[in-house]
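Here the structure is laid out as C-alpha cells; the discussion comes afterwards.
The values are calculated or read from the model by the stated rules, or taken from the named source; none is laboratory data. Treat the numbers as computed from the prediction; the structure is a model and nothing was measured. Cβ placement follows ideal geometry from the backbone for every residue including glycine, while neighbour counts extend to all protein chains displayed.
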Amino acid sequence: MSGRFGGRWRLTLALPIANIAIGLIVLAIFLWRVDVRGALGNLPDLQWRWAVAATLTFTASKVVHAYRWRFFLRHRPEIPFRRLLELFLVSNLANAVIPLRAGDLLRVELPNRRYGIPRAELASSVFLVESLLDGVAFVVLAFASLLIFDLPPSLRPAVGALALVVTIVAIVSIQASRRRDGWSLQSSRWRVLVPVPARPGIQSWLTDAIEGMRTLSTWRSASLAVVISLVAWMLEVEVWWLMGRAFGIELAFSEALLVMIAANMAGALPLTPWNIGPYEVVVTEMLVLFGYTRLDASSYAIGSRILLVTWIGITGLLAMWSLGLSPRDLRPGSASSDEPDAALEPATPTDDADA
C-alpha cells in the first residue's frame, strides 16, 4: 500500500514540477529569440488608424464565426444569434487567458446549462464540425496562396498532408451525419464491447453527437458552411495584414495567411501562464524567415498580442455584462441546466436571427 501511495505522491509532485520546468524553458526561449525591449520601445510609433482597423476587422471575423455557430444550431430556434455572439465573445476571452482552449468548453457548457441543449450535440458541432470546416478553409486558402500568391515551395508537402487529412475526416464525418437515423448501438457488431447497463447512455450520447453534425448531412448546407468559414478566415488574414501596416510591415497575402495559421496554432499550446511565449516566438521566427528584421518581427508579435488581448478583454467583459455572467458562472457546475438563467433567455421569439 505504501508503495502505491508513494508512487501517486511522486507523480502528483512531478507533474507541477514538469509544467514549471517547461514554462521556464519556453520563457527563456522567448527572452532569447524575441527582442522584448526593442519591441516595447517601438510601441509609440504604432500607426493607430491601421491598429483600429485591425481590431474592428478582428471583431467582424468573430461575428462571422458566431454566425457560423448559429448556422450549425439553426434547428434550435430558442437560441437567438445575439446570445450566441455574446457567448462566443466570452469564450474568446477565456481562450485568450486560459490554456487548452477552455473557452471552447464554455460553448458546450453554457448553452447546456441555460437552454438544455445536450452536451454531446454541442461538442460535436464545436470540436468536430467546426474544426473540420476550419481545416477545409485553411486548405483552400493555402492552395490559393500556392497557385496565386507564390506560397514557399517548402510548404507544399505540409499543405498536401493537411489536405489529405481533412479529406479523410470530411468523408467519414459526412457519411456519419447522413446516417443520423441509422446509428443504433443495439444492432451494431461492436455492441459486445459495451456493457449492457451502459448501452442506453452511450446510445443517447451517440444520437446527440450525430445531431450536432447535421450541417454536414447535405451538400448544400456543408457548402454554405464552407463559404461562411472562408469569409471568417479571410477576415482574420486581413487582421494580420492590417497589423503589419500598423507596425510598418507590408505583408503579402501568403505571409499574412501563414502568420494567421501559426498564431492560431501557437495560441493553443498550454505551456505558460496566459500563454505568454509560444505565440511571440512563433510569429517572430516566421517573420524573420520571411526576411524581416528581428526587431520589426518582435514589434509585430508583441504589439499585436497586446492590442488583440486588450480588445478581446474589452469585448469579452462587455459580453459577460450583457449576459449577466460573473466569473463564478464560468466555473463547471456553477449553474443547473434544469433552471435556465433569464439573462440568457430571449425576451421574445423575434430576437432570433434566421440562419
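Listed values, structure above:
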| quantity | calculated |
| --- | --- |
| Checklist (1) surrounded by fewer than 23 Cβ atoms within 10 Å (Cβ to Cβ); (2) farther than 23 Å from Gly135 by Cβ; (3) out of contact with any Leu (no Cβ under 6 Å at 6 or more places or on another chain) applied to Glu238, failing item | (2) |
| Condition broken by Thr57, with the remaining ones in (1) at pLDDT below 95; (2) crowded, with 18+ Cβ neighbours inside 10 Å; (3) not acidic (Asp, Glu) satisfied | (1) |
| Candidate set: region 127-158, residues that are β-branched (Val, Ile, Thr) and modelled with pLDDT of 70 or more; chosen: the one surrounded by the fewest Cβ atoms within 10 Å (Cβ to Cβ) | Val140 |
| Enumerated helices (runs of 4 or more DSSP H) restricted to region 210-313, each holding at least 1 residues that are without any contact (Cβ under 8 Å) to a residue 60 or more places away in the chain and small (Gly, Ala, Ser) | 219-246, 253-266 |
| Region 72-102, residues that are within 19 Å of Ala120 (Cβ to Cβ) and either of a type in the set (D, E, K, R) or in contact (Cβ under 8 Å) with a residue 40 or more places away in the chain (or both) | Phe72, Leu73, Arg74, His75, Arg76, Glu78, Ile79, Leu87, Arg101 |
| Which numbered condition Leu206 misses (of (1) surrounded by fewer than 15 Cβ atoms within 10 Å (Cβ to Cβ); (2) modelled with pLDDT of 65 or more) | (1) |
| Options Val52, Val26, Val34, Val64; residue that is under 30 Å from Leu85 (Cβ atoms) and either over 22 Å from the mean Cα position of the chain (by Cα) or modelled with pLDDT under 85 (or both) | Val52 |
| Residue check, Gly103 out of contact with any helix residue (DSSP H, G or I) (no Cβ under 9 Å at 6 or more places or on another chain), under 30 Å from Ile314 (Cα atoms), at pLDDT 75 or above and of a type outside the set (A, V, I, L, M) | no |
| Checking Ala54 against (1) in contact with a helix residue (DSSP H, G or I) (Cβ under 8 Å, 6 or more places away or on another chain); (2) under 25 Å from Ser326 (Cα atoms), the condition it does not meet | (2) |
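Results for (1) crowded, with 20+ Cβ neighbours inside 10 Å; (2) under 18 Å from the mean Cα position of the chain (by Cα); (3) farther than 20 Å from Leu106 by Cα, shown as yes or no for each residue.
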| site | (1), (2), (3) |
| --- | --- |
| Tyr279 | yes, yes, yes |
| Leu289 | no, no, yes |
| Arg294 | no, no, yes |
| Ser298 | yes, no, yes |
| Gly313 | no, yes, no |
| Leu318 | no, no, no |
